[in-house]
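Peer 1: Handing you this structure, nothing more for now.
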Amino acid sequence: MTLTLVEAAKYSTTVLQAGVIELLVKDDPIFERLPFIDIMGNGLTYNVETTEADADFYNVNDTWVEGTHTVTQSTATLKIMGGDADVDNFLLKTRSNINDLKQETINAKTKAVKKKFMETFWYGNTTINAKAFNGMHTLVSSGTYNTHAIGTASTTEKLLLLSELEEGIDMMKVNPPELMMMTKQMRRYINKYLHGVGGITYQDAANARVQTLFGIPVAVSDYLVDTENVLQAYVSTTDWGHDVDVETTDVATSIFILSFGPQACQGLQSGIPDVEVFEKLETKNASRYRIVWYPSLMLQNILTCVKVTGIDVDGAVAA
């Protein structure tokens, strides 16, 4: 069964568990849309279509050339993430509102888990950190099918042209784009250009108006950075993806155009996030609240998500 965390919260067995999930998804456009499939075991092996199949016209008695698509086998492995938060038992006994103290502690740890997950959602790479999962910069990495690199493959970022953003959108050939993600600074420069040429477009959504660009809802992420290295090298200079060695002088960023679902951007997990309570610790006079989750991320079809990368984040946007 595939559910977003919003829907999964309805199946929570405890108030603590429901509260953690609610805080994870609150005001986050990715968690609100990202479906998670529950799996048995510690991973899921799937085929990723890496090249498209060919077809052609033939004359009578021509020799037909076989041209099936090619796939690469990939495995999304569940990872262990979470954190402990201890609350001193003396404070629990003497503070006027015990529930407030517990909730503050759990909320703070939940925010830390959310931050770590979302940073990994964008920049995770198992070559760098085998304990984590591969994020979108690693999964969306084909210069042919889903990566429009406007910067040079060295250290030179490039000002964004909206026509180049359209080129990236046009690379999506399977699913319609559902969400365009960028940094707040990138959105400001895009909106500055839009205000000068006629204004910003919006569409109505649940309890809100959402900005759109080329008919696609636009959202920002605090976990995408404006300090990406244009070289985009994880392993070699031919591999596109955010460089882990972020320099303060690097001023590049990326815009992601995403779709969600079984063939597109989808999360994996073995059960929804949970809260374990240890009321008596051996070496501390404290109660421990452990948030634990076993998630991962997969992208089965490389034509369902796209990134435009190597963008100069602090320069004027043009047509």
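Peer 1: Among ASP62, ASP86, ASP312, which comes first, second and so on when ranked by fewest other beta-carbon atoms within 10 Å? Please report the intermediate quantities before stating the final value.
Peer 2: On the way: ASP62 9, ASP86 16, ASP312 21.
Ordered by Cβ neighbours within 10 Å, fewest first: ASP62, ASP86, ASP312.
Peer 1: OK, next. Considering region 164-234, what Rg and Dmax in Å follow from its alpha-carbon atoms?
Peer 2: Just the Cα atoms of region 164-234 yield Rg and Dmax of 13.7, 41 Å.
Peer 1: In addition: For LYS115, list the aspartates and glutamates whose Cα falls under 17 Å from its own Cα; do not include residues on the same chain fewer than 8 positions away.
Peer 2: The reachable aspartates and glutamates, counting only those whose Cα sits under 17 Å from LYS115, are GLU22, ASP27, ASP28, GLU32, ASP84, GLU104, ASP222, ASP226, ASP274.
Peer 1: Hey, what did region 39-85 get for relative contact order, percent, Cα under 8 Å, at least 6 apart?
Peer 2: Relative contact order comes out at 50 percent.
Peer 1: Shifting gears a bit: When all C-alpha to C-alpha distances in region 272-319 are sorted into bins of 10 Å, what percent of pairs does each bin hold, rounded to whole numbers?
Peer 2: In order of increasing distance, the bins hold 17, 20, 17, 17, 19, 9, 1 percent.
Peer 1: Please state the equivalent ellipsoid semi-axes for region 90-183: what are the square roots of 5 times the Cα gyration tensor eigenvalues, largest first, in whole Å?
Peer 2: 42, 16, 13
Peer 1: Treat the count of other C-beta atoms within 10 Å as a stand-in for reagent exposure and order TRP64, TRP293 from fewest to most. Could you put the intermediate results ahead of the total?
Peer 2: Working: TRP64 7, TRP293 21.
In order of increasing Cβ crowding within 10 Å: TRP64, TRP293.
Peer 1: In region 51-146, which GluC sites (Glu not before Pro) fall in coil by DSSP and have 10 or fewer other Cβ atoms within 10 Å?
Peer 2: GLU66
Peer 1: Okay, moving on. Can you sort TYR202, TYR58 so the residue with the fewest Cβ neighbours within 10 Å comes first?
Peer 2: TYR58, TYR202
Computed from the coordinates by the stated procedures, all read-outs in this text should not be read as laboratory data. As the structure is a computational prediction, the values presented were derived from the model and not from experiment. A quick note on method: Cβ atoms are made from the backbone with ideal geometry, for glycine too, and the neighbour counts reach across all protein chains shown.
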